[in-house]
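The values are calculated or read from the model by the stated rules, or taken from the named source; none is laboratory data. Only a predicted model underlies this, so the values are computations on that prediction, with no experimental measurement involved. Methodologically, a virtual Cβ is constructed for each residue, glycine included, from the backbone with ideal geometry; neighbour enumeration extends over all protein chains shown.
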């Protein structure tokens with residue numbers, strides 16, 4: 001079970017690192033979007049520092065998630081990103097996006113419950 005958790009967490013971390021690097025380097029193709037989503041992305045584009053900031057947070061959270069000793073901090077760093085993914089997919093009614101988010105959220109919950117004792121120390 002420990003090996004499976006480590007494999008899943010490494011894949012989770014690499015996925016977020018890839019997403020963060022793409023926000024900075026723009027190497028993946030952008031899928032076709034409807035008009036409402038295009039307007040939102042154009043608005044995000046006017047704030048030049050926003051996407052690089054989100055990308056850096058994703059890279060840091062993904063890196064922290066790779067290693068068991070830093071996974072608890074990585075889960076805290078990734079949480080705002082997961083909330084943003086959920087909100088985006090709820091606003092634009094993206095069923096595929098919600099399924100992907102649900103898988104990511106279950107992995108995140110698994111890590112949080114496995115390390116609950118460490119979080120209790122933070123809250124005490």
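Structural remarks
- Residue, nearest to residue 3 (Cα to Cα), within segment 36-59, restricted to residues that are buried (at least 17 other Cβ atoms within 10 Å of the Cβ) and without any contact (Cβ under 8 Å) to a residue 40 or more places away in the chain: 57
- Of all residues in segment 60-83, none are over 27 Å from residue 123 (Cβ atoms) and surrounded by 15 or more Cβ atoms within 10 Å (Cβ to Cβ).
- Unique residue being exposed (fewer than 14 other Cβ atoms within 10 Å of the Cβ) and in contact with a helix residue (DSSP H, G or I) (Cβ under 8 Å, 6 or more places away or on another chain) when the list is 33, 123: 33
- Residue 64 out of contact with any helix residue (DSSP H, G or I) (no Cβ under 7 Å at 6 or more places or on another chain) and modelled with pLDDT of 95 or more: no
- Being at pLDDT 95 or above and either within 29 Å of residue 119 (Cβ to Cβ) or assigned to a helix (DSSP H, G or I) (or both) holds for only one residue in 37, 90, 17, and it is 17.
- For residue 73, the conditions (1) assigned to a helix (DSSP H, G or I); (2) closer than 25 Å to residue 32 by Cα all hold with the exception of (2).
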